[in-house]
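Read-outs throughout are calculated quantities, based only on the coordinates presented, and are distinct from any laboratory measurement. Only a predicted model underlies this, so the values are computations on that prediction, with no experimental measurement involved. Here the Cβ is made from the backbone with ideal geometry for all residues, glycine too, and neighbour counts use every protein chain on show.
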């Protein structure tokens, strides 16, 4: 019997990115590898060169893209459409987008669109940052984001990473409840397990007498609530000067003005295998996002 072929698609991140939706894909892939031996797993993403390679049982396709010339990433979506026209997969798992409109799907194919959040509500949340002039200027982004993320008739199934996202997607696009499934963001309990706090601190060379808080968040630091975590950290530090806030994930150049506090310890990129030690070594976890889809860092903190 011929093996079925599935392909995962990420447009804004490569498979090495440690952000939520890449980890979500990796968790699904681990599950598929354990339970479906006759499945050929592929992953296509946009990058700096055209190449393909295999790693840990997954075949990767990197497609060269020019982000500068790609207005609203339409060029990238044409690129994906051409790729799938030349390469057949039985199942395509993607985040939707214009390429699903351009692509002529084969009758035997199934396309699954996964909502890790809704771009419309993500953008709407950002409007809270703006004054009246910017709100007027950027208002067209809301209907545009609604249009770009709207599932095409080519899409056979909708997956949402949480009940919250499911409710938002149904409200936006009037799906029937039976069309939508919820598959939560998971965590590998062999990798993320509770460790002895003092041993974790020693392993990470942290002061055993300090009281640690932990903030983890890449992407938009405002959306992830870094400023909120720091403001709360100031209040804690005033009460207890042994408090330290470990900040992992954001772009240093973008958040540098926020980090000028005596209690903040900014950590550069931390290997995935060390992250569980930071969770175990911390006394408080700061999840203060202004918008989350599946809140993967919160799921990890509860593991």
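Largest GNM mean-square fluctuation among 206, 80, 239, using the chain with Cα springs under 10 Å: 239. In units of the compact-protein estimate 2.2 N^0.38 Å, segment 197-302 shows a Cα radius of gyration of 1.00.
For the chain, the mean residue ellipticity at 222 nm estimated from helices alone is -10500 deg cm²/dmol, where every DSSP H run of n ≥ 4 contributes -39500 (n - 2.57) and the total is divided by all residues, rounded to the nearest 500. Between helix 74-86 and the chain there is an angle of about 50 degrees, using the helix long axis and the longest principal axis of the Cα atoms.
In the elastic network of the chain, a GNM with C-alpha springs shorter than 10 Å, the most mobile of 185, 65, 114 is 65. Here the calculated FRET efficiency for residue 39 and residue 179, from their Cβ-Cβ distance with R0 = 30 Å, stands at 0.80, rounded to the nearest 0.05. For the chain, what proportion of DSSP beta bridges, expressed in % and rounded to the nearest 5, is antiparallel? Restricted to the chain, the bridges split so that about 10 percent are antiparallel.
Fully extended, how many nm does the chain gain between residue 267 and residue 105 (0.36 nm per residue separation, minus their Cα-Cα distance)? Before the final figure, lay out each step's value.
Working: separation 162, 0.36 × 162 = 58.32 nm, distance 4.51 nm.
Computed gain between residue 267 and residue 105 is 53.8 nm.
Given the options 164, 153, 224, state which has the largest fluctuation in a GNM of the chain using a 10 Å cut-off (strictly under) for Cα springs. Maximum fluctuation in the GNM of the chain, among the listed residues, is at 153. Sorted on the mean count of surrounding Cβ atoms within 10 Å across their residues, most packed first, peptides 124-132, 84-92 read 84-92, 124-132.
Full extension of the chain between residue 147 and residue 232 yields a length gain of 26.8 nm, computed as 0.36 nm times the residue separation minus the alpha carbon distance. Here is the size of the chain from its Cα atoms: Rg then Dmax, 21.0, 67 Å.
Helix 163-173 axis versus longest C-alpha principal axis of the chain: approximately 40°, rounded to the nearest ten. Between segment 38-66 and segment 128-160, the C-alpha centres lie 28 angstrom from each other. Counting only alpha carbon atoms, the long axis of helix 20-35 and the longest principal axis of the chain meet at about 60°.
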